[in-house]
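*Asks:* Below is a structure I'd like to ask you about.
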Amino acid sequence: MASIPTKGGNSDNKRSSASSPEATVAKYPNTSRFPSDSLTTLVSIADAFLPSLDPPTTPTLPTSTCISSLTDGIVNDSPQNNVNATAGTTSARSDATKRIEALKRFWTHSLNVQSSPDYVEAICTAILIKLPPSVRSNLLFLLKLLSNPIGTSLVLCYPCTSNFAAWNLEDRVWALQRLRDSRLDKHREAFCGLKRLLCGVAMSYVDTTDDGCDGIKGKKQPWELNPYWEAMSYGGPIHSYVPPKRDAELIQEGITFDFEKHDAILDVDDILDTTASGEKILTYDVVIVGSGCGGGVSAATLARAGYSVLVIEKGPYVAPDKLSNLESEMFDQLYEQSSLLTTTDGNIMILAGSALGGGSAINWSCCLDTPLEVRREWADVHGLDHFRPLSGDMQTEFDASMALIKKRIGVACPPSSSSKSPQKKSKSSINHNVMNEVMIAGCEGMGYKHQVTGQNLRHTETDAAGYTCFGDRYGNKQSGIVTYLADAGKAGAKILPNCTVTKILKNKDEACGRYKANGVLARVGSQKIRVYANRCVIVAAGSLNTPCVLLKSGFKNRHIGRHLHLHPVTCAIGLMPKEKVNKAGRSKDDEGVVSMLSRSLTGSRRGLSILHPAELDGSVLGWIGAPMTTVCSEFASGPDDDGYGARLECPSAHTGLMGAGLSWQSPSHFKETLSVAKNAATLIVLQRDRSEGRVRPDRDGRPQISYSLEERDKRSMLQALCGAMSLLAKAGATHLMSSNSDDDGFNLENLADDEKEEAVNNYRKSIVGRGIPKYTMSV
């Protein structure tokens, strides 16, 4: 960008409406608590990322829609000129008119206190309540610096005559770009953290004001819950379109065991046995810390064997009817640190479950066998011989255990395991959503190794399968909650949610001279609890929280908390034209996308139109249908052929993660990228990392994660990322993008096949040239 004179002077440029917090009301308590000057600065930053803009007259991205192209289809849709309208009709607007209004709302919406009080409250709540103390203090200090001219000069390393919030929009955008492109890690870290938080919340927060856009007082349509959603063709939770009676029926059909009805969920207030100090006392044969995959299987096995079992979970139990499937609410209720957890340097976002069911409650439904080469490595390198695969059809104990688990969680296996050629679909085939169909088409075109994956969904064809990362309202996914934890509850196990273990109790076993765990200290809110275990304590709190529990309890093994592998992820995005999607995006009945949207959650409902069906036919809609039903293993061996490579998979791409993860070049480019999200086929590059991290508890016992990507893992991720770009181009994408902050994408529109191949190769070279410097690519 060309140099700009000393910042902070008066400007004739149009100012964006970044306003003060004076209009906040009691409805927004955290907004009221936020330091006034810092709040003004915070809102001015958000307003620079996503300001109110005039809708573009000429689109710059393929598949992008401009308002002028829609106005041509409008003749006169007023009630008096509409033959289908009656005298009392006030909402006889054409589909084109609705789309125009949605686009105007998308482009002109302003993230200030007056226009978006719910957004401002959500941001203030995230900072004051959800962020770890160290991150919160750093962010508040940054905002304080930017609230005066001297501090702004220090932060930007540039002379300034006024505070950041006093600048006009153009200057504030320049400042963000300066931070983004800086050679200083601290500058890029600040940009990365602000952008993830402010843009991620903007795309997922829920507006609680009363009126819907269709004039229905006190009633918003699902896509109206956020001002950006309708233009993005994001319809909100699928269950919002299900009649209440049918919704209740589907919830009941999915419940395999009612934890509350059968008193499997303990209420700490009902525990009556106390000591003089007021500490609650419980005694069980077995105490299990954590309710995820390991904890659930252990609880079911031991409870069925006749032991009394208590499962302690630090997250909540969210009943099926309370699972809203709204991204912002479910991040709060189901994810570790409300999905705001990062490595200590802020470079890598970490998503982990923190509710009853652990990771099984929020993970996608893909079930892959542990690769044979990985099992051999565990046996050869680490001496774990029970993992070594046997020749032929001989099964090890590990194989038998995995077979039992897969049977219990209902894994539907694909008809064949791997392919370099087109696979014929059979009636037993797993149904693919459009994004997976695009990846299959690209793999077949490139000759890449790929396979259909096992799924523990009852119905892979349902629309709501794309929302299981926000809780499974209808019990479609056979997670730990509806399988092993349900089995444990039926066998008499008890569950104590919202309970944090602070210490493992132990005493010395005189027979062997070693210490033995005999219980735990825990707390529910301010209430302390002591739980004794007659037989054993099992710590199954996951790779992030298990080390914290052990270290807080005084265990000294030098390996505790070390050797953490995160399987880092980045993404490739391809914008798909309508004709390519209609060719690839077919269901088992050869339906198009509109029919896909119209299918019932049980396969029988018809006639549901979400948003604008004529526009949606031919869209990818990466949040609809089961994610990751296919995996590409072409790059799994890695550039060094050592088995430390990456796989390509299709995620469930919802709006909040888009806002947090997509690259931001400028406000207009970012908004236009989001506006074409319905046409985006996203592939994640999932790396088997050699890099190792370390987990340690902070003063409150929460995990602090130190982790840095090694260069060999970066090389492998770049190799797979380049392969993903070729795959998307072969599938017909007209525009390619990575999440690198220095990448505004590559346009393939109107190129001949021979030109396209050369163009993709050049783009791949630019990706390798950029590399993966810290804070420049979403990981």
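The values are calculated or read from the model by the stated rules, or taken from the named source; none is laboratory data. Nothing here was measured: the structure is a model prediction, and the numbers come from that model. Cβ: placed from backbone, ideal geometry, glycine included. Neighbour counts: every protein chain shown. Side chains included, ligands, DNA and RNA excluded: accessible areas come from the protein's heavy atoms. Shrake-Rupley method; radii C 1.70, N 1.55, O 1.52, S 1.80 Å.
*Asks:* Taking Leu194, is it at pLDDT 95 or above, open to solvent by less than 20 Å² (accessible area, probe 1.4 Å) and within 28 Å of Thr343 (Cα to Cα)? Don't jump to the end; show me each part of the working.
*Replies:* Values: at pLDDT 95 or above: yes; open to solvent by less than 20 Å² (accessible area, probe 1.4 Å): yes; within 28 Å of Thr343 (Cα to Cα): yes.
So Leu194 fits the description; yes.
*Asks:* Go through (1) assigned to a helix (DSSP H, G or I); (2) among the β-branched types (Val, Ile, Thr); (3) closer than 21 Å to Ile288 by Cα and name the single condition Val581 misses.
*Replies:* For Val581, the exception is condition (3).
*Asks:* Considering only residues that are on the phi < 0 side of the Ramachandran plot and crowded, with 21+ Cβ neighbours inside 10 Å, which ones fall in segment 501-531? Spell out how you get there, then give the answer.
*Replies:* Of the residues in segment 501-531, the ones on the phi < 0 side of the Ramachandran plot are 501-512, 514-518, 520-524, 526-531.
Matches in segment 501-531: Val501, Ile504, Val520, Ala522, Ile529, Val531.
Per-residue answers, yes or no, for (1) modelled with pLDDT under 95; (2) more than 30 Å from Val381 (Cβ to Cβ); (3) open to solvent by 10 Å² or more (accessible area, probe 1.4 Å):
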{"residue": "Lys552", "(1), (2), (3)": "no, yes, yes"}
{"residue": "His559", "(1), (2), (3)": "no, no, yes"}
{"residue": "Gly585", "(1), (2), (3)": "yes, yes, no"}
{"residue": "Thr602", "(1), (2), (3)": "yes, yes, yes"}
{"residue": "Arg605", "(1), (2), (3)": "yes, yes, yes"}
{"residue": "Ala626", "(1), (2), (3)": "yes, yes, no"}
{"residue": "Glu634", "(1), (2), (3)": "no, no, yes"}
{"residue": "Gly638", "(1), (2), (3)": "no, no, yes"}
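*Asks:* Being at pLDDT 70 or above and outside any helix (DSSP H, G or I): is that true of Pro389 here? Talk me through it step by step, then tell me what you get.
*Replies:* Details: at pLDDT 70 or above: yes; outside any helix (DSSP H, G or I): yes.
When the stated conditions are applied, Pro389 passes them.
*Asks:* List the pairs whose first member sits in segment 375-392 and is exposed (fewer than 14 other Cβ atoms within 10 Å of the Cβ), whose second member is in a helix (DSSP H, G or I), and whose Cβ atoms are under 7 Å apart, counting only residues at least 6 apart or on separate chains?
*Replies:* Short answer, once both residue conditions are applied: Leu384/Trp378; Asp385/Ala379; His386/Glu397; His386/Phe398.
*Asks:* Further question on the same structure: Taking Ala488 and the conditions (1) open to solvent by 10 Å² or more (accessible area, probe 1.4 Å); (2) of a type in the set (A, V, I, L, M, F, W, C); (3) at pLDDT 95 or above, which numbered condition does it fall short on, given that it satisfies the others?
*Replies:* Against the list (1) open to solvent by 10 Å² or more (accessible area, probe 1.4 Å); (2) of a type in the set (A, V, I, L, M, F, W, C); (3) at pLDDT 95 or above, Ala488 comes up short only on (1).
*Asks:* Looking for whichever is over 26 Å from Thr734 (Cβ atoms) and either modelled with pLDDT of 50 or more or among the acidic types (Asp, Glu) (or both) here; the options are Ser16, Ser68, Ser94. Which one fits? Explain how you work it out, then say what you get.
*Replies:* Details: Ser16 fails: either modelled with pLDDT of 50 or more or among the acidic types (Asp, Glu) (or both); Ser68 fails: over 26 Å from Thr734 (Cβ atoms).
Matching residue, one of Ser16, Ser68, Ser94: Ser94.
*Asks:* Can you pull out every residue in segment 128-142 that is over 15 Å from Lys186 (Cβ atoms) and aliphatic (A, V, I, L, M)?
*Replies:* Leu128, Ile129, Leu131, Leu140
*Asks:* Now for a different question. Since Thr63 meets every condition but one in (1) modelled with pLDDT of 85 or more; (2) touching a strand residue (DSSP E or B) at 6+ places or on another chain (Cβ under 9 Å); (3) open to solvent by 30 Å² or more (accessible area, probe 1.4 Å); (4) not charged (D, E, K, R), which condition does it not meet?
*Replies:* Thr63 satisfies every listed condition except (1).
*Asks:* I need the full set of residues from segment 100-157 which are touching a Gly at 6+ places or on another chain (Cβ under 8 Å) and without any contact (Cβ under 8 Å) to a residue 40 or more places away in the chain, in order please. Show your work before the answer.
*Replies:* Step one: filter segment 100-157 for residues touching a Gly at 6+ places or on another chain (Cβ under 8 Å), giving 135, 139, 144-145, 149, 152.
Hit for segment 100-157 is Leu145, nothing else.
*Asks:* Then there's this: Hey, among Gly295, Gly359, Gly346, which residue is in a helix (DSSP H, G or I) and either open to solvent by 30 Å² or more (accessible area, probe 1.4 Å) or farther than 20 Å from Arg523 by Cα (or both)? Lay out the reasoning, then the answer.
*Replies:* On the way: Gly295 fails: either open to solvent by 30 Å² or more (accessible area, probe 1.4 Å) or farther than 20 Å from Arg523 by Cα (or both); Gly346 fails: in a helix (DSSP H, G or I).
Of the residues listed, the single one that is in a helix (DSSP H, G or I) and either open to solvent by 30 Å² or more (accessible area, probe 1.4 Å) or farther than 20 Å from Arg523 by Cα (or both) is Gly359.
*Asks:* Restricting attention to segment 303-323, which residues are in contact (Cβ under 8 Å) with a residue 40 or more places away in the chain and open to solvent by 20 Å² or more (accessible area, probe 1.4 Å)? Explain how you work it out, then say what you get.
*Replies:* Initial filter on segment 303-323 (in contact (Cβ under 8 Å) with a residue 40 or more places away in the chain): 303-304, 307-321, 323.
Arg304, Tyr307, Ser308, Lys314, Pro316, Tyr317, Val318, Pro320, Asp321 - these are the residues of segment 303-323 that are in contact (Cβ under 8 Å) with a residue 40 or more places away in the chain and open to solvent by 20 Å² or more (accessible area, probe 1.4 Å).
*Asks:* Let me ask something else. Report yes if some residue within segment 307-325 is closer than 27 Å to Leu197 by Cβ, among the hydroxyl-bearing types (Ser, Thr, Tyr) and part of a loop (DSSP other than H, G, I, E, B); otherwise report no.
*Replies:* Yes, segment 307-325 contains at least one residue that is closer than 27 Å to Leu197 by Cβ, among the hydroxyl-bearing types (Ser, Thr, Tyr) and part of a loop (DSSP other than H, G, I, E, B).
*Asks:* Every residue in segment 744-778 that is in a loop (DSSP other than H, G, I, E, B) and either more than 16 Å from Arg180 (Cα to Cα) or out of contact with any Leu (no Cβ under 9 Å at 6 or more places or on another chain) (or both), please. Spell out how you get there, then give the answer.
*Replies:* Just the residues of segment 744-778 that are in a loop (DSSP other than H, G, I, E, B), to begin with: 744-745, 748-752, 771-776, 778.
Across segment 744-778, the qualifying residues are Asp744, Gly745, Leu748, Glu749, Asn750, Leu751, Ala752, Pro773, Tyr775, Thr776.
*Asks:* Quick one: Ile150 ticks every box in (1) touching a helix residue (DSSP H, G or I) at 6+ places or on another chain (Cβ under 6 Å); (2) among the hydrophobic types (A, V, I, L, M, F, W, C); (3) open to solvent by 20 Å² or more (accessible area, probe 1.4 Å) except a single one, so which number is it?
*Replies:* Failing condition for Ile150: (1).
*Asks:* While we're here: Return a yes/no flag: does segment 548-560 have any residue that is in a strand (DSSP E or B) and more than 28 Å from the chain's Cα centre (by Cα). Write out each step before concluding.
*Replies:* Taking segment 548-560 as the starting set, the residues that turn out to be in a strand (DSSP E or B) are none.
No, segment 548-560 has no match at all.
*Asks:* Related question: Just one of Gly475, Gly480 is more than 15 Å from Leu621 (Cα to Cα), of a type outside the set (Val, Ile, Thr) and surrounded by 24 or more Cβ atoms within 10 Å (Cβ to Cβ); which is it? So that I can check it myself, show each step before the final result.
*Replies:* On the way: Gly475 fails: surrounded by 24 or more Cβ atoms within 10 Å (Cβ to Cβ).
Every option except Gly480 fails the conditions.
*Asks:* Which ones in segment 130-163 are of a type outside the set (S, T, N, Q), under 34 Å from the mean Cα position of the chain (by Cα) and part of a loop (DSSP other than H, G, I, E, B)?
*Replies:* To start, the set of residues in segment 130-163 that are of a type outside the set (S, T, N, Q) comprises 130-133, 135-136, 139-146, 149-151, 154-160.
After this cut, where a residue has to be under 34 Å from the mean Cα position of the chain (by Cα) as well, the list is 130-133, 135-136, 139-146, 155-156.
Answer for segment 130-163, where residues must be of a type outside the set (S, T, N, Q), under 34 Å from the mean Cα position of the chain (by Cα) and part of a loop (DSSP other than H, G, I, E, B): Leu131, Pro132.
*Asks:* Output the number of residues of segment 714-745 satisfying the condition of being under 30 Å from Ala190 (Cα atoms), open to solvent by less than 60 Å² (accessible area, probe 1.4 Å) and either without any contact (Cβ under 8 Å) to a residue 24 or more places away in the chain or not acidic (Asp, Glu) (or both).
*Replies:* So the first thing to find is which residues in segment 714-745 are under 30 Å from Ala190 (Cα atoms), and the list is 714-722, 724-725, 735-745.
Still in the running and open to solvent by less than 60 Å² (accessible area, probe 1.4 Å): 714, 716-718, 720-722, 724-725, 735-741, 743, 745.
Keeping just the survivors that are either without any contact (Cβ under 8 Å) to a residue 24 or more places away in the chain or not acidic (Asp, Glu) (or both) gives 714, 716-718, 720-722, 724-725, 735-741, 745.
Number satisfying all stated conditions: 17.
*Asks:* For Ser204, all conditions in the list (1) of a type in the set (Gly, Ala, Ser); (2) surrounded by 18 or more Cβ atoms within 10 Å (Cβ to Cβ); (3) more than 22 Å from Ala677 (Cβ to Cβ) hold save one; what is the number of the exception?
*Replies:* For Ser204, the failing item is (3).
*Asks:* Does segment 393-407 hold any residues that are assigned to a helix (DSSP H, G or I) and either open to solvent by 80 Å² or more (accessible area, probe 1.4 Å) or free of Cβ contacts under 8 Å to residues at least 24 places away in the same chain (or both), and which are they? Write out each step before concluding.
*Replies:* First, the residues of segment 393-407 that are assigned to a helix (DSSP H, G or I): 397-407.
Result: Glu397, Phe398, Asp399, Ala400, Ser401, Ala403, Leu404, Lys407.
*Asks:* Here is a follow-up. Tell me which of these Gly346 doesn't satisfy, since it passes every other one: (1) within 28 Å of Lys261 (Cβ to Cβ); (2) in contact (Cβ under 8 Å) with a residue 60 or more places away in the chain.
*Replies:* Going through the list (1) within 28 Å of Lys261 (Cβ to Cβ); (2) in contact (Cβ under 8 Å) with a residue 60 or more places away in the chain, Gly346 breaks only (1).
*Asks:* Looking at segment 650-706, which of the residues that are basic (Lys, Arg) and outside any helix (DSSP H, G or I) is surrounded by the fewest Cβ atoms within 10 Å (Cβ to Cβ)? I'd like the intermediate steps shown before the answer.
*Replies:* Step one: filter segment 650-706 for residues basic (Lys, Arg), giving 671, 678, 688, 690, 694, 696, 699, 702.
Okay, now just the ones that are also outside any helix (DSSP H, G or I), so 688, 690, 694, 696, 699, 702.
Details: Arg688: 20, Arg690: 16, Arg694: 15, Arg696: 16, Arg699: 9, Arg702: 17.
The qualifying residue surrounded by the fewest Cβ atoms within 10 Å (Cβ to Cβ) is Arg699.
*Asks:* So, in segment 624-649, how many residues would count as being in a loop (DSSP other than H, G, I, E, B) and touching a residue at least 40 places away in the same chain (Cβ under 8 Å)?
*Replies:* If we filter segment 624-649 for residues that are in a loop (DSSP other than H, G, I, E, B), which is where we start, we get 624-629, 633-645.
Next cut, touching a residue at least 40 places away in the same chain (Cβ under 8 Å) only: 624-629, 633-636, 638-640, 643-645.
Total satisfying the criteria: 16.
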